[in-house]
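A quick write-up on the structure given underneath.
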């Protein structure tokens with residue numbers, strides 16, 4: 001009943017002015033312009049201020065195909081905003097005496113191994129969730145991204161020993177999803193519940209997140225859920241939802257603006273639910289928002305920040321005047337989201353979108369945030385629009401030049417013969433790629449990840465371009481072969497064609513060696 005009253009009050013509050021600088025009408029106008037500027041079909045936005053929802057609306061459409069309205073109640077994959085739930089769940093196990101943040105991972109997962117023995121023995125649960133493993137950005141993500149692979153949690157754990165570190169242990173922040181998959185397995189082993197069961201039953205239901213689910217495949221009624229969209233070769237199109245349940249602890253939650261504001265209210269109420277139930281002891285909750293892994297702050301920072309870092313499932317920083325900001329973003333193929341809290345202002349901002357363009361959520365969040373922090377109008381829409389246009393032009397120019405070279409060299413007699421290229425190539429953690437040839441040219445195909453199949457096109461005498469059949473990936477790669485003295489390819493490495501490629505297409509960590 002308390003929750004229902006809270007929503008009633010929040011609906012009344014929608015008619016209120018947001019503050020002296022930005023009114024509801026102004027915000028509606030900004031969001032509509034953001035939709036148009038960044039080619040985003042639908043955006044839902046929510047604002048919580050002083051324990052009340054003062055804005056909760058959807059704009060645009062949830063799908064270009066159905067044209068149905070985007071609503072505040074429309075479900076969206078919040079992606080890496082799920083990480084805060086994973087760490088809250090682990091903290092609950094600490095509170096219950098079943099876990100310690102500084103437990104060695106091998107205490108709970110004895111088979112866990114990294115490539116270096118010392119790291120294997122000293123990696124803690126805290127290390128799993130603070131992005132300081134020493135692995136490169138997104139290392140191993142191809143095991144779950146894109147959807148359609150046959151990897152399991154056991155495979156992820158077993159394959160960690162094959163991933164080579166980029167930096168020394170605990171020295172550098174490098175975002176990593178697979179460590180969260182392993183953290184989800186720790187939760188399962190100490191709680192006796194799957195990650196999904198724990199999140200829904202121990203957190204979402206008590207908090208009052210009545211419409212949220214811990215995974216896309218647990219949403220039974222999909223009548224009010226977005227379709228994902230992305231810009232593909234100059235056009236924004238609807239694409240198939242893409243997220244493997246394997247990676248749910250890193251980014252699987254489906255929610256909406258209203259439920260995410262409920263989550264924000266709970267968090268900013270010191271982990272106490274609307275009916276007065278405390279879910280986590282104060283000191284343990286406080287620790288979640290303490291910096292664990294530092295990040296640099298650039299000169300001329302937009303928000304006059306002095307520090308920035310990663311806590312336990314959250315980014316933390318200070319913004320104008322020393323206000324602590326706790327936040328995260330999330331991205332799936334076709335979806336990006338942003339969740340921001342400034343607890344001492346009683347302010348939370350949620351922006352959920354159905355197109356993978358972060359300029360849209362930054363425009364909206366920054367404009368709202370500035371109005372509360374007292375910054376003059378900085379015209380974020382114009383700022384991000386210009387940046388976005390330059391970035392797209394830059395990436396498109398790279399791809400145009402690459403495929404012009406592909407067309408130019410086509411049929412060159414100096415290119416390797418098919419017998420020099422075709423065969424099976426193995427990577428220690430990702431498995432086999434098969435390269436075949438027929439009248440239509442070369443094909444490259446991953447054996448374990450069904451969507452990674454495409455044309456292999458010559459670029460020069462030693463390098464080819466893998467042009468994936470699924471063009472929505474925007475993740476074409478150079479395949480650089482190493483040949484033996486007889487001219488037969490023996491190994492290959494992969495490198496992005498353009499920097500716009502999502503880092504979870506972790507081709508750079510593959511080391512392919514011919515096995516057939």
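For the stretch 416-463, what is Rg from Cα atoms divided by 2.2 N^0.38 Å, rounded to two decimals? Provide the component values of the computation, followed by the final result.
Working: Rg = 11.1 Å, N = 48, 2.2 N^0.38 = 9.6 Å.
Against the empirical 2.2 N^0.38 Å value, I get 1.16 for the stretch 416-463.
What area, in nm² and to one decimal, does the C-alpha convex hull of the stretch 407-514 cast on average over all directions? Walk me through the numbers before you get to the answer.
Numbers: hull surface 27.2 nm².
For the stretch 407-514, the mean projected area of the Cα convex hull comes to 6.8 nm².
Kindly give Rg over Rh for the chain, based on alpha-carbon atoms, with the Kirkwood expression for the hydrodynamic radius.
Working: Rg = 23.7 Å, Rh = 24.2 Å.
A ratio of 0.98.
Test of understanding: what is the full-extension gain from residue 150 to residue 24, defined as 0.36 nm times their sequence separation minus their Cα-Cα distance? Kindly include the intermediate steps, with their values, before the conclusion.
On the way: separation 126, 0.36 × 126 = 45.36 nm, distance 4.73 nm.
That works out to 40.6 nm of additional length.
Can you tell me the length gained on complete extension of the stretch residue 51 to residue 405, counting 0.36 nm per residue apart and subtracting the Cα distance?
Details: separation 354, 0.36 × 354 = 127.44 nm, distance 5.80 nm.
That works out to 121.6 nm of additional length.
Could you give P(r) for the stretch 217-306, binned at 10 Å from zero, as whole percent values over all Cα-Cα pairs?
11, 23, 31, 28, 7, 0
With a Cα-only, solvent-free Debye model of the stretch 61-167, what are the log10 I(q)/I(0) values at q = 0.13, 0.20, 0.21 Å⁻¹?
The calculated log intensity ratios at q = 0.13, 0.20, 0.21 Å⁻¹ are -0.65, -1.17, -1.25.
Roughly how far apart, in whole Å, are the Cα centres of the stretch 355-388 and the stretch 245-279?
When both Cα centres are located, 25 Å separates them.
Give me the number: length gained by fully extending residue 116 to residue 277, i.e. 0.36 nm times residue separation minus the C-alpha to C-alpha distance, one decimal in nm.
Values: separation 161, 0.36 × 161 = 57.96 nm, distance 4.38 nm.
Value of the extension gain: 53.6 nm.
Sort 292-301, 30-39 by packing, meaning the average of other beta carbons within 10 Å per residue, with the highest value first. Kindly include the intermediate steps, with their values, before the conclusion.
Values: 292-301: 12.9, 30-39: 18.2.
Put in order of decreasing packing, that is 30-39, 292-301.
Largest first, please: the extent of the C-alpha atoms of the stretch 355-395 along each principal axis, to the nearest Å.
Answer, in whole Å and largest first: 36, 19, 9 Å.
Considering the stretch 299-444, what Rg and Dmax in Å follow from its alpha-carbon atoms?
23.5, 69
Computed from the coordinates by the stated procedures, all read-outs in this text should not be read as laboratory data. Nothing here was measured: the structure is a model prediction, and the numbers come from that model. Reconstructed Cβ throughout: ideal geometry from the backbone, glycine too, with neighbour counts over all protein chains shown.
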